[in-house]
Number of protein chains: 2
Amino acid sequence: MRSSNIRYTEHFVATADRCQANGHRSGILWFTGLSASGKTTLAFELERILFQKGWRTFVLDGDNVRHGLCADLGFSAADRAENIRRIGEVAKLFAESGCLVITAFISPYRADRDRVRTIAGDLFHEVHIATPLEVCERRDPKGLYGKARRGEIEGFTGISAPYESPDAPELQLDTSGLTVAEGLGRLLEYVDLKFNIG
Amino acid sequence: MRSSNIRYTEHFVATADRCQANGHRSGILWFTGLSASGKTTLAFELERILFQKGWRTFVLDGDNVRHGLCADLGFSAADRAENIRRIGEVAKLFAESGCLVITAFISPYRADRDRVRTIAGDLFHEVHIATPLEVCERRDPKGLYGKARRGEIEGFTGISAPYESPDAPELQLDTSGLTVAEGLGRLLEYVDLKFNIG
């Protein structure tokens with residue numbers, strides 16, 4: 001414990017009161033999956049739809065966060081672990097503020113994701129965007145798989161670094177046979193079931 | 001640049017649209033001041049009042065964040081700098097989500113605060129809780145000044161580590177002659193002026 005003179009201060013406003021005011025529960029939809037599996041597209045589309053319904057929602061996205069909070073981190077296993085730890089803590093703060101936060105990170109290591117589950121408890125919902133590698137590689141919208149195959153990127157998840165699938169995600173979604181609208185439909189069904197206040 | 005294969009993704013929902021939906025502007029009220037100056041008390045009371053008015057608001061508090069996001073950091077100048085950098089990035093994310101976020105950190109170094117101003121731009125409002133050292137030391141609700149004077153805490157701001165006052169804070173509030181209600185009154189006046197959507 002580095003911080004021995006620290007006490008925890010309680011907010012006067014409980015998360016439950018925030019949720020009541022917002023008309024929905026708060027929590028974390030933790031999207032995990034390969035590059036080009038559809039995480040970012042689905043996350044931002046889901047955010048838009050929920051916003052239009054009047055919900056409090058916000059996307060934390062791998063690409064975006066790495067320009068700011070985690071700009072000091074690279075892609076080694078240790079840096080990926082610290083990246084995911086910080087995102088988990090931030091996502092928890094957003095959820096405590098009443099927000100349904102959607103995170104879109106490859107987050108390839110089971111232990112890193114499980115640590116977030118430990119941090120966030122019941123707020124954490126693991127959503128495996130389970131599009132198979134061959135489909136992701138065929139899509140390759142940023143040309144990253146090509147670069148990784150040619151050895152121009154080191155430690156690329158699925159090619160030269162592992163992806164550890166979740167054992168028991170709250171939701172699993174393989175987008176390979178689905179339109180974006182169909183994928184969103186599945187997600188909205190889950191959100192309605194878990195976060196709607198009846 | 002550690003992250004050369006990263007592109008910035010734009011949200012489909014603009015911050016301005018979020019503010020319109022919330023009925024108020026978003027931003028960061030960055031409280032800075034000595035230990036026991038009144039930062040945390042005022043921050044949590046302000047949060048409660050704004051929540052009751054239906055505003056989106058959330059406190060990031062030094063004591064709380066150091067249990068989570070910054071649990072790996074101590075109180076050296078370098079660790080304080082990294083602590084403030086991370087909080088600045090998180091506060092910016094909250095502001096981008098439409099929230100009026102209130103941060104309550106000693107944040108003693110001018111350069112660290114100015115870096116947050118650079119990160120967050122117009123969203124950043126520096127609020128100097130300018131209660132003098134002798135008043136803070138007399139209050140000493142956690143007995144920390146006593147410990148610092150006895151040499152039981154190293155690098156304690158105001159005693160054995162510097163506090164660099166802001167040169168041109170957006171708001172300055174010395175709580176020594178004020179009740180909590182009076183201090184809140186000043187803050188609410190400022191919030192109304194800057195964040196109310198007319």
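The values are calculated or read from the model by the stated rules, or taken from the named source; none is laboratory data. Being a predicted model, the structure only gives us computed values, none of them experimental. Counting neighbours? That spans all protein chains shown, and the Cβs are built from the backbone with ideal geometry, glycine included.
Computed values, structure above
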{"item": "Residues of segment B:31-44 satisfying the condition of being more than 7 Å from chain A (Cβ to nearest Cβ) and either part of a helix (DSSP H, G or I) or more than 26 Å from B:Glu154 (Cβ to Cβ) (or both)", "result": "B:Lys39, B:Thr41, B:Leu42, B:Ala43"}
{"item": "Residues located in segment A:58-86, provided they are more than 9 Å from every other protein chain (Cβ to nearest Cβ), surrounded by 19 or more Cβ atoms within 10 Å (Cβ to Cβ) and in contact with a helix residue (DSSP H, G or I) (Cβ under 6 Å, 6 or more places away or on another chain)", "result": "A:Ile84"}
{"item": "Hits in segment B:102-126 (condition: touching a strand residue (DSSP E or B) at 6+ places or on another chain (Cβ under 7 Å) and among the hydroxyl-bearing types (Ser, Thr, Tyr))", "result": "B:Thr103, B:Ser107"}
{"item": "Every residue from segment B:36-57 that is surrounded by 18 or more Cβ atoms within 10 Å (Cβ to Cβ) and basic (Lys, Arg)", "result": "B:Lys39, B:Arg56"}
{"item": "Pick from segment B:35-79, criterion of a type in the set (D, E, K, R) and closer than 24 Å to B:Asn22 by Cβ, ranking: nearest to the chain's Cα centre (by Cα)", "result": "B:Asp61"}
{"item": "Every residue from segment A:48-77 that is more than 23 Å from A:Asp112 (Cβ to Cβ) and not small (Gly, Ala, Ser)", "result": "A:Arg48, A:Ile49, A:Leu50, A:Phe51, A:Gln52, A:Lys53, A:Trp55, A:Arg56, A:Thr57"}
{"item": "Single condition A:Ile28 does not satisfy, out of (1) assigned to a strand (DSSP E or B); (2) farther than 28 Å from A:Leu178 by Cβ", "result": "(2)"}
{"item": "Single match in B:Phe94, B:Phe75, B:Phe51 (criterion: under 20 Å from B:Tyr190 (Cα atoms) and in contact (Cβ under 8 Å) with a residue 24 or more places away in the chain)", "result": "B:Phe94"}
{"item": "Positions within segment A:99-116 being surrounded by fewer than 18 Cβ atoms within 10 Å (Cβ to Cβ) and touching a helix residue (DSSP H, G or I) at 6+ places or on another chain (Cβ under 9 Å), in sequence order", "result": "A:Ala111, A:Arg115"}
{"item": "Residue tally, condition modelled with pLDDT of 95 or more and under 26 Å from B:Val101 (Cα atoms), over segment B:134-151", "result": "1"}
{"item": "Sole residue being out of contact with any Gly (no Cβ under 6 Å at 6 or more places or on another chain), of a type in the set (Ser, Thr, Tyr), touching a residue at least 12 places away in the same chain (Cβ under 8 Å) and within 14 Å of chain A (Cβ to nearest Cβ), chosen from B:Thr118, B:Thr103", "result": "B:Thr103"}
{"item": "Breaking point among (1) in a helix (DSSP H, G or I); (2) closer than 13 Å to A:Arg56 by Cβ; (3) without any contact (Cβ under 8 Å) to a residue 60 or more places away in the chain, for B:Ala21", "result": "(3)"}
{"item": "Only listed residue being more than 28 Å from A:Arg25 (Cβ to Cβ), free of Cβ contacts under 8 Å to residues at least 12 places away in the same chain, touching an Asp or Glu at 6+ places or on another chain (Cβ under 9 Å) and not in a strand (DSSP E or B), chosen from A:Gly151, A:Gly146", "result": "A:Gly146"}
{"item": "Residue in segment A:155-167 that is aliphatic (A, V, I, L, M), farther than 19 Å from A:Ser26 by Cβ and assigned to a strand (DSSP E or B) present", "result": "yes"}
{"item": "Hits in segment A:130-143 - residues which are out of contact with any helix residue (DSSP H, G or I) (no Cβ under 8 Å at 6 or more places or on another chain), surrounded by 14 or more Cβ atoms within 10 Å (Cβ to Cβ) and in a helix (DSSP H, G or I)", "result": "A:Leu133, A:Arg139"}
{"item": "Hey, B:Ser26 more than 9 Å from chain A (Cβ to nearest Cβ) and at positive phi or not", "result": "no"}
